[in-house]
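First comes the structure, then the notes that go with it.
The values are calculated or read from the model by the stated rules, or taken from the named source; none is laboratory data. Note that the structure is predicted; figures quoted are calculated from it, not measured. So basically every Cβ, Gly included, is an ideal-geometry build from the backbone, and we count neighbours across all protein chains shown.
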Amino acid sequence: MEQLEQRIAIKYHLTPFDQEDTARYITFRQEKAGAKKSVFTSVALERIYEITEGVPRKINNLCDLSLLVGFSKNGKMIDPQIIEDIISDGALL
């Protein structure tokens, strides 16, 4: 780890997002990926915030898994049930 530390020139700690910023972050990422509208329900966005506590890395991981599971189920929207399925399966964030 010391070798890695020596290669890092700048360190920055992101503070966790609040619930509103979490939803905006997810929406922004979808727009940048070319989505015309959100595929996450508002309740799913709330649940993502609760689980990830607004930590961007955890948000990214949970959203990626949610999209993968939703796609595998031929779903059109990511709802809270998909989020709960991921968590109950013990997916690590």
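Here is the figure for the range 64-78: residues that are touching a helix residue (DSSP H, G or I) at 6+ places or on another chain (Cβ under 6 Å) and within 14 Å of I26 (Cα to Cα) total 3.
If you go through the range 1-21 and keep only what is closer than 19 Å to R57 by Cβ, of a type in the set (A, V, I, L, M, F, W, C) and without any contact (Cβ under 8 Å) to a residue 12 or more places away in the chain, you end up with M1, L4, I8, I10.
Consider the range 1-25. How many of its residues are farther than 21 Å from P80 by Cβ and not polar (S, T, N, Q)? Steps first, answer last, please.
Taking the range 1-25 as the starting set, the residues that turn out to be farther than 21 Å from P80 by Cβ are 1-15.
If we keep only those that are not polar (S, T, N, Q) too, we end up with 1-2, 4-5, 7-14.
So the count comes out to 12.
Put simply, of A9, A33 the only residue that is within 17 Å of L68 (Cβ to Cβ) and loosely packed, with under 15 Cβ neighbours inside 10 Å is A33. All of (1) more than 11 Å from the chain's Cα centre (by Cα); (2) within 18 Å of Q81 (Cα to Cα); (3) not small (G, A, S) hold for F28 with one exception: (2).
Among residues of the range 39-73 being modelled with pLDDT of 95 or more and part of a loop (DSSP other than H, G, I, E, B), the one that is surrounded by the fewest Cβ atoms within 10 Å (Cβ to Cβ) is E53. State whether the residues of the range 13-27 include one that is in contact with a helix residue (DSSP H, G or I) (Cβ under 9 Å, 6 or more places away or on another chain) and at pLDDT below 95. Among the residues of the range 13-27, at least one is in contact with a helix residue (DSSP H, G or I) (Cβ under 9 Å, 6 or more places away or on another chain) and at pLDDT below 95, which makes the answer yes.
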